[in-house]
Amino acid sequence: MSEYSMFESKFIGRNVSKVKICDQSFGAESFLSGTHTSQTFVSADNEIILWSVGVEQSEEDVEEPTMSKSSSISHVGDVMGLDYKGGIAAAASSNGSVSMYKLDKMSSSTGLEPLHSWSALHSFKSGRKCPCTDLCIEDNIATCGEDGSIHILDMTRPTPVRSLVSCDSCTLNSIIWVSPQSVAVVNTSGQLKVFDIRQSGTQPIQKFILSSADFSSLNCLDKHPSQHHLVATGSYNGVLGIYDLRQDGVPVTILEGHSGSSISDIKFHCRSPDMLFTSAYDGTVWQWNGGKPHQGAGDSGEQSVWFLADAVKHRIEVSELTSLYTQAGSMSGYPVNCLDVCNNMLVCGGDNGALHLFYDLHI
């Protein structure tokens, strides 16, 4: 079972919709957060904030983590998606647009510098704008939206280099790159689809469904950090699905969690991919510990435990990281909307207007 020795919460007076830990190019002890409006914080403008993380000695001579606001920038619309790579951040908006920013650690202001924006990328056939629900960065930026469309953005060009318009009849909730040529998306009908962006049509090259008896929405997905054919999804009814993109059809493994509450975010640990982290609308964050990979007969190497989970479910340990502060009432009754994890740090946020940092995770 995972343990953590340091924990910190910071009330920011806005609902936290997305968080993203910055990679080594900017510093592992920094992260971004984005906000969305609500009836609770109706007067608060949305913004993207850059945070720095440190450790200080308390009056009791105990090390405590700190979160300090380094920079912020206003954001038009709710922040629906947030990603970062190599000094570049991108945010998806509920008004259908995408904004790109530069983060410069050498800057005197350590600021978020606007670079470019793509307006009204996502809209319905009537012309009405709709939310850009998610995005992800590799060499290009891939976006998805409520209009069932996918757009590929070259960071140096003012218009998309590839658009798959209305490639799905349902809302696309989340998107990831699974190869330099293909993206995977999940939709509100419980489907996982893979699209080859080099092809001229708008049909997926692969299609998966969580269950033929249950069409619950798939809310989020993430890929294994070293085995990119392995994808995990989180559903509206609290089901975690593991898919092998080399096999069409259904998940290779299904696990139930969060007492059936909707899973809002899912992440593999970047260096210990036998561990998965999920957040949910019941106000909890779970760590799924599958243990070490297994040697199978005839295998050329180690096989991920997530392929074997149906056979070894009794070995999977689940830790509720939020139990510490749920008992104190700080998240009770409020959804956790997002999480990110890197090395020994996990950040999450939700509709209680606060960010929560778990530092010195023992992975």
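The values are calculated or read from the model by the stated rules, or taken from the named source; none is laboratory data. All values derive from a computational prediction rather than experimental measurement. Virtual Cβ from ideal backbone geometry, glycine too; neighbours counted across all protein chains shown. Accessible surface areas use protein heavy atoms only, side chains included; no ligands, DNA or RNA. Shrake-Rupley method; radii C 1.70, N 1.55, O 1.52, S 1.80 Å.
Here is the figure for segment 333-353: residues that are buried (at least 21 other Cβ atoms within 10 Å of the Cβ), closer than 17 Å to TYR84 by Cα and not aliphatic (A, V, I, L, M) total 3. Checking each residue in segment 228-241 for being closer than 19 Å to ILE137 by Cβ and either buried (at least 18 other Cβ atoms within 10 Å of the Cβ) or in contact with a Pro (Cβ under 7 Å, 6 or more places away or on another chain) (or both) picks out only VAL231. Scanning segment 247-285 for residues that are over 15 Å from VAL231 (Cα atoms), outside any loop (DSSP other than H, G, I, E, B) and open to solvent by 30 Å² or more (accessible area, probe 1.4 Å) turns up GLU256, SER259, GLY260. GLY127 falls short on exactly one of the conditions (1) in a strand (DSSP E or B); (2) surrounded by fewer than 17 Cβ atoms within 10 Å (Cβ to Cβ), and that condition is (1). Taking the numbered list (1) open to solvent by 20 Å² or more (accessible area, probe 1.4 Å); (2) over 22 Å from HIS228 (Cβ atoms); (3) in contact (Cβ under 8 Å) with a residue 24 or more places away in the chain in turn, CYS170 passes all entries but (3). Checking ASP310, ASP244 one by one, the residue that is surrounded by fewer than 21 Cβ atoms within 10 Å (Cβ to Cβ), at pLDDT 90 or above and not hydrophobic (A, V, I, L, M, F, W, C) is ASP244 and no other. Checked against (1) under 20 Å from ALA280 (Cα atoms); (2) in contact (Cβ under 8 Å) with a residue 40 or more places away in the chain; (3) open to solvent by 40 Å² or more (accessible area, probe 1.4 Å), PRO225 passes all but condition (1).
Of the residues making up segment 175-200, those that are open to solvent by 30 Å² or more (accessible area, probe 1.4 Å), small (Gly, Ala, Ser) and without any contact (Cβ under 8 Å) to a residue 24 or more places away in the chain number 1.
Only a single item in (1) in contact with a Pro (Cβ under 9 Å, 6 or more places away or on another chain); (2) under 23 Å from ILE205 (Cβ atoms); (3) open to solvent by 40 Å² or more (accessible area, probe 1.4 Å) is not met by HIS116, and it is number (2).
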